[in-house]
There are 2 protein chains.
Amino acid sequence: MNSVAANETFGIVVHGGAGVMQNLSNEKQNQIKSKIKESINAGYQILENGGSSIDAVEAAVVVLEDSSLFNAGKGSVYTSDEKQEMDASIMFGKDRSIGAVASVSNIKNPIKLARKVADQTEHVLLVGEGAKSFARSVNQEIVPDEYFFSEENLKRVRKIKQSAAVEKISMNKIGTVGAVAIDINGNLAAATSTGGMTNKMPGRVGDSPIPGSGSWAQNNVCAVSSTGHGEYFIKYQVAKEVCNRIQFLNADIETAAKEIIDELNEIGGAGGVIAIDFNGKIAMPFNTPGMIRGNKTNKTDLEIKIY
Amino acid sequence: MNSVAANETFGIVVHGGAGVMQNLSNEKQNQIKSKIKESINAGYQILENGGSSIDAVEAAVVVLEDSSLFNAGKGSVYTSDEKQEMDASIMFGKDRSIGAVASVSNIKNPIKLARKVADQTEHVLLVGEGAKSFARSVNQEIVPDEYFFSEENLKRVRKIKQSAAVEKISMNKIGTVGAVAIDINGNLAAATSTGGMTNKMPGRVGDSPIPGSGSWAQNNVCAVSSTGHGEYFIKYQVAKEVCNRIQFLNADIETAAKEIIDELNEIGGAGGVIAIDFNGKIAMPFNTPGMIRGNKTNKTDLEIKIY
């Protein structure tokens with residue numbers, strides 16, 4: 001196990017969802033890459049100034065939640081009731097503090113609300129109207145339905161409703177967002193935020209707010225954020241499972257992360273993860289045609305990719 | 001790994017929560033033991049007739065949900081709004097199918113609703129009003145608030161509200177219920193159901209509905225149901241962690257389960273687990289003064305204990 005002081009590497013990894021991502025124009029790709037860069041820089045700046053990894057992942061995710069390009073915060077897709085219900089979680093490896101919210105509506109930044117749950121309650125997970133009441137009590141920004149309006153997203157849910165099926169990840173969908181980081185003190189953190197699946201049943205919760213499935217951060221092991229078909233990621237506890245294989249099998253992070261994503265692929269579980277270990281080593285495997293992803297450390301240059 | 005056909009042992013383990021359990025009169029202890037016996041027998045009968053472990057754990061939990069003696073279903077404690085919000089999860093190790101509901105009100109049997117989520121949706125977890133709408137659509141019994149009325153529970157929440165604190169597990173509280181089983185085909189299953197903590201914030205969700213924390217069932221490894229201070233059980237992924245130590249470290253189930261409960265005790269995480277492994281071997285460790293628990297297999301007689 002490594003020392004927790006003056007860690008050699010600090011850095012951040014960000015994702016903007018896994019999927020097929022066909023028909024992404026060059027212009028759209030550039031918009032996405034530019035926003036991912038902004039997200040990485042927001043987190044990296046905090047790390048560079050000696051800030052904590054949990055502050056870094058929160059800041060990185062807020063940038064993506066505030067963009068309409070991703071399925072989280074402002075860009076969240078519509079439920080079958082044509083509303084937004086968002087899920088988010090954040091975890092700090094130093095003390096295993098976790099905050100999560102699920103099935104929340106009209107919250108501008110679900111990841112900020114999740115952080116408030118971690119910092120200002122004795123609880124881990126708040127859902128629905130109770131979470132919204134808590135948001136008001138801690139002065140989190142509540143926004144009207146119109147804030148989330150998207151003609152493209154609305155067309156999509158109506159088209160899917162006609163075919164009476166929940167959207168499959170194999171459709172051209174840009175997903176969940178997330179970030180993992182390690183700070184100068186060796187503390188790991190993970191954050192994940194999503195609008196879920198288009199046309200999902202109201203009240204449906206995926207893996208994003210589930211500790212161990214959507215997010216996991218364990219000091220001296222690794223931090224992981226997942227994106228993909230949530231139900232599979234819950235059944236295989238994907239985020240924690242990457243850490244398990246490092247902790248129990250001494251696997252390196254690239255092997256641990258790639259193996260579980262390959263195993264999911266064999267059973268039809270589409271998606272990917274971003275992961276960073278206690279040495280700042282990074283893995284970003286996915287089994288879909290694309291996953292929006294990027295990273296930057298004090299040892300490696302900014303890298304941003306979609307395919 | 002063992003064969004999945006004609007398993008040598010079949011059996012069931014049930015719990016009715018961990019806690020201090022002071023001042024339990026002999027009469028109350030006898031009522032509790034009698035209900036635990038009824039729960040075990042309901043599940044065991046299914047196993048004896050060649051039924052599946054998931055049917056057995058569901059049947060066992062329904063018996064406890066229908067009793068006012070436990071903090072689940074009918075006996076669920078009050079939130080700070082003086083209502084009931086219940087959580088439940090069920091998992092079948094054969095195919096990792098999972099169903100869970102969280103923060104549901106007016107549902108007579110949350111564990112039955114969780115089973116419906118597993119069997120009749122593509123989802124894993126439904127919460128709040130969305131879960132209630134789903135309950136109506138699959139003809140689950142909805143009951144009025146009065147069904148849950150308990151003068152004792154109401155007095156308790158009002159007393160705690162005066163002191164403005166969430167009930168601690170160290171108080172005299174009888175908790176969560178759960179069951180784990182292995183059937184004649186070697187399939188493992190786990191189920192957990194709870195009313196949560198007295199005076200909890202509306203929307204607060206504990207470990208019971210969280211796969212990996214409250215319930216976990218993995219064929220050829222083990223099945224676990226947790227009871228205790230939910231936030232700790234989420235942070236340490238207790239149910240899955242018992243299985244991890246068996247799977248990755250070749251620990252026997254008694255060591256695996258006892259070690260994690262001891263580790264929780266060191267950091268103030270009160271509670272216990274029931275666990276059964278792929279050979280039908282049982283563990284029931286707890287770090288509280290008492291845990292209501294019992295078991296029966298085709299190799300061992302009925303055993304029921306509180307302290």
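The values are calculated or read from the model by the stated rules, or taken from the named source; none is laboratory data. Every value quoted in this text rests on a predicted model; they were computed, and no experiment measured them. In this analysis, Cβ positions are derived from the backbone assuming ideal geometry, glycine residues included, and neighbour counts consider all displayed protein chains. Only protein heavy atoms, including side chains, enter the accessible area calculation; ligands, DNA and RNA are left aside. Shrake-Rupley method; radii C 1.70, N 1.55, O 1.52, S 1.80 Å.
Using Cα pairs under 8 angstrom and six or more residues apart, how large is the relative contact order of the range B:96-207, in percent?
23 percent
Cut-off 10 angstrom, C-alpha nodes, Gaussian network model of chain B. Which of B:Q140, B:Q162, B:Q218 fluctuates the most?
B:Q162
Where is the GNM fluctuation largest for chain B (alpha-carbon springs, 10 angstrom cutoff): B:D277, B:D252, B:D207?
Between B:D277, B:D252, B:D207, it is B:D252 that shows the largest mean-square fluctuation.
So which of A:K200/A:K235; B:K74/B:K132; A:K116/A:K235; A:K35/A:K235 end up more than 22 Å apart, counting from Cα to Cα? Present the calculation step by step, with values, prior to reporting the outcome.
Details: A:K200/A:K235 18 Å; B:K74/B:K132 16 Å; A:K116/A:K235 27 Å; A:K35/A:K235 32 Å.
Violating the 22 Å Cα-Cα cut-off are A:K116/A:K235; A:K35/A:K235.
What number, in percent, do you get for the relative contact order of the range A:1-123 if the mean sequence gap of Cα pairs under 8 Å and at least 6 apart is divided by its residue count? If you can, show how the numbers build up before the last one.
Values: 168 pairs, mean separation 20.7, N = 123.
With pairs under 8 Å counted, the relative contact order is 17 percent.
Quick check: convex hull of the Cα atoms in the range A:155-307, volume per residue, rounded to a whole Å³?
It is 109 Å³ per residue.
Exceeding 23 Å between C-alpha atoms, which entries from my cross-link table qualify? They are B:K281/B:K305; B:K33/B:K296; A:K83/B:K161.
A:K83/B:K161
If I model chain B as equal point scatterers sitting on the Cα atoms and use the Debye formula, what is log10 I(q)/I(0) at q = 0.09 Å⁻¹?
-0.37
From the square roots a ≥ b ≥ c of the eigenvalues of the alpha-carbon gyration tensor of the protein assembly as shown, which class results: rounded (a/c under 1.5), prolate (a/b over b/c), or oblate?
Here the protein assembly as shown falls in the prolate category.
Just the Kirkwood number for the range B:259-298, please: inverse of mean 1/r across all distinct Cα pairs, in Å, one decimal.
Value: 11.2 Å, from the Cα pair sum.
Would you calculate the volume per residue, in Å³, of the smallest convex hull containing every Cα atom of the range A:218-274?
Dividing the Cα hull volume of the range A:218-274 by its residue count gives 68 Å³.
Taking A:K108 as the anchor, which aspartates and glutamates have their alpha carbon closer than 14 Å to its alpha carbon, excluding any fewer than eight residues away along the same chain?
A:E58, A:E65, A:D66, A:E85, A:D87, A:E141, A:D145, A:E146
Just to confirm the filter: which GluC sites (Glu not before Pro) across the range B:245-307 are DSSP coil and have at most 11 other Cβ within 10 angstrom of their Cβ?
Qualifying residues, ordered by number: none.
Taking K and R as +1 and D and E as -1, what net charge do the other residues with C-beta under 10 Å from the C-beta of A:G16 add up to?
Working: positive: A:K33, A:K35, A:R293; negative: none.
Neighbour charge sum, excluding A:G16 itself: +3.
Starting from the coordinates of the alpha-carbon atoms of the range B:65-135, obtain the Kirkwood hydrodynamic radius over all distinct pairs and give the value in Å to one decimal.
12.2 Å
With a/c under 1.5 counting as rounded, go ahead and sort the range B:1-116 into rounded, prolate or oblate using the C-alpha gyration tensor (a ≥ b ≥ c being the square roots of the eigenvalues; past the cut-off, prolate if a/b is larger than b/c, else oblate). Don't jump to the answer; show the numbers that get you there.
Details: a/c = 2.43, a/b = 1.37, b/c = 1.77.
It comes out oblate by the Cα gyration axes.
Run the numbers on the range B:206-223: which residues show a drop of 40 Å² or more in accessible area, chain on its own versus all protein chains together, using a 1.4 Å probe over heavy atoms?
B:I210
Which residues of the range B:110-128 end up with at least 40 Å² less accessible area in the presence of all protein chains than when their chain stands alone, using a 1.4 Å probe?
Output list: B:E122, B:H123, B:V124, B:L125, B:V127.
Expressed as a whole number of Å, what is the distance separating the alpha-carbon centroids of the range A:175-237 and the range A:43-76?
Their Cα centres are 14 Å away from one another.
Around B:G43, under 15 Å between beta carbons, what's the net of Lys plus Arg minus Asp minus Glu among the other residues?
Values: positive: B:K35, B:K37, B:K112, B:R115, B:R293, B:K296; negative: B:E38, B:E48, B:D55, B:E58, B:E65, B:D66, B:D183, B:E303.
Neighbourhood net charge equals -2.
Cβ under 13 Å from B:F92's Cβ, B:F92 left aside: what net charge do those residues give with Lys, Arg +1 and Asp, Glu -1? Write out the running numbers ahead of the final one.
Numbers: positive: A:K235, B:K94, B:R96, B:R115; negative: B:D55, B:E58, B:D95, B:D119, B:D183.
For residues surrounding B:F92, the net value is -1.
Which whole-number percentage describes the relative contact order of chain A, with Cα contacts under 8 Å and a sequence gap of 6 or more?
Details: 861 pairs, mean separation 78.3, N = 307.
Once divided by the residue count of chain A, the mean separation gives 26 percent.
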